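To keep things clear, I will list the structure first and then write my remarks on it.
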Amino acid sequence: MAQHNLRTVLAFEVSRTLGKKRFWFITLLVPIAIGIVLALVVLGNMTAADTAARQADTKLAFTYSDASGYVDPAVATKLGGTAVTDDTAAIAAVKSGKEEAHFVYPADPAETPVHVYGVDKGLFGNGAYNGLATQVLITSAQDRIGDPALTALAQGNVPITATTYTDGVEADGFLGMIPPLIFVVIFFLVFTLLSNQMLTSTLEEKENRVTEMILTTLNPTVLISGKVISLFVVGFVQVLVFLLPVLVAYVFFRTSLNIPELDLSSLTVEPGQMIVGALLAIGGFALFTGTLVAIGAVMPTAKDAGSWFSGLIVLMIVPLYALSLVLSDPHGPVVQIFTYFPYSAPITAMLRNAFGSLSGWEAAIVIIELFLLAALVLQVAARLFRYGSISYTSKVSFKTVFARHTGSATRK
């Protein structure tokens, strides 16, 4: 009978949530916004490409003076330059619009800045002057060196491949961090979007004055469990909806958006890390969901529950503000507190898992802690909902609830 009731609650909560226009408006708002941004980026890139092509076809005429001797006259002439000796007259010609630009190369360009004078072409158009002035020097230096390899070395264009080892095994590096970090993103995104649903899942029945009727046919634990599981299902649906525009953008608009091609074969997926990350995300989601449901059972209105909700959000995201510590000193006292404190543990442990600083025994302790506390909070939420179902205008007293429970147990 309990299983049948759980299925009934689960089906009702999922269908009720997915049937709300407000849910789909909020859920689709993110991918629609992403789609609009992507469309604007594509349009902007196309416009920028056209502008760059036009600028490339348009040769900029300029005059220049060179006190350094580094400028190759042949290079400058090829790029549209004309050497002059009177800087004052050349600058006056630019001011009057007779010349487009004038470059003054000092005796030591490495220490003294090159002065560029030009006709105003707008914020972005003026950048062409600086680029051309720099190009004259670079091309001249390349021609003087005469060796392409030395030129590349002088510019610092040196390809480097680094290989590091952990306990004699090649470390995964940055590409090994990406897969487990996905769980941090999913956890944070789903929690942020579903937090209001979590908080109001029990408040709706209380505010609608139907809880007494519900509890005559349903066990509170079954009801709360159904609500929590339904939130997992709804969260999964939201993740799929969010991933859709990303996949569409990558498959169809990767070139227009200048998205680099991902070589998935280079990503290192460690099954152990992925399992730990998934368990931490599920356990953390269950704990936060149960806690918000319990808060909703205690408070008479959503407004009263708001301050508690804000505090919970702070506890959840505080590890992100200590990210530098998580990276540099994962075994320090501050990070250790964040790792084992229940409401900061999910994100801290997932970050450490991705960075490779979470050992197996630490992961086991945190996972067990999260699931045990989630189960305990679920039981507490059910009991609070039982006694809070008739407290429409006042908060439920924890002392009263557990005193009644203790008293009833003693009488038995």
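A few remarks follow.
- Carbon + sulfur, % of accessible area of the range 57-154 - ligands and nucleic acids excluded, 1.4 Å: 57 percent
- Only protein heavy atoms count here; under a 1.4 Å probe, Val233 has an accessible surface of about 60 Å².
- Point-to-point label distance, Ala278-Trp361, nm (Cα→Cβ direction, 7 Å offset): 2.7 nm
- A crude spin-label estimate for the pair Ala74 and Phe25, with each label 7 Å from Cα along the Cβ direction, gives 7.1 nm.
- Per-residue SASA entry for Thr77, accessible area with 1.4 Å probe, Å² rounded to 10: 90 Å²
- Where Tyr117, Tyr129 fall by accessible area, highest first, once all protein chains stay in place (1.4 Å): Tyr117, Tyr129
- Mean Cα-pair separation over length for the range 57-154, i.e. relative contact order, pairs under 8 Å, 6 or more apart, %: 28 percent
- Surface analysis of the range 57-154 yields an accessible area of 60 Å² per residue, using protein heavy atoms and a 1.4 Å probe.
- By accessible area with a 1.4 Å probe, ligands and nucleic acids excluded, highest first: order of Leu323, Leu312: Leu323, Leu312
The values are calculated or read from the model by the stated rules, or taken from the named source; none is laboratory data. All of these numbers come straight from a predicted model, not from anything done at the bench. Please note: Cβ atoms are built from the backbone with ideal geometry, for glycine as well, and neighbour counts cover all protein chains shown. Areas reflect the complete protein model, heavy atoms only, side chains present, ligands, DNA and RNA absent. Shrake-Rupley method; radii C 1.70, N 1.55, O 1.52, S 1.80 Å.
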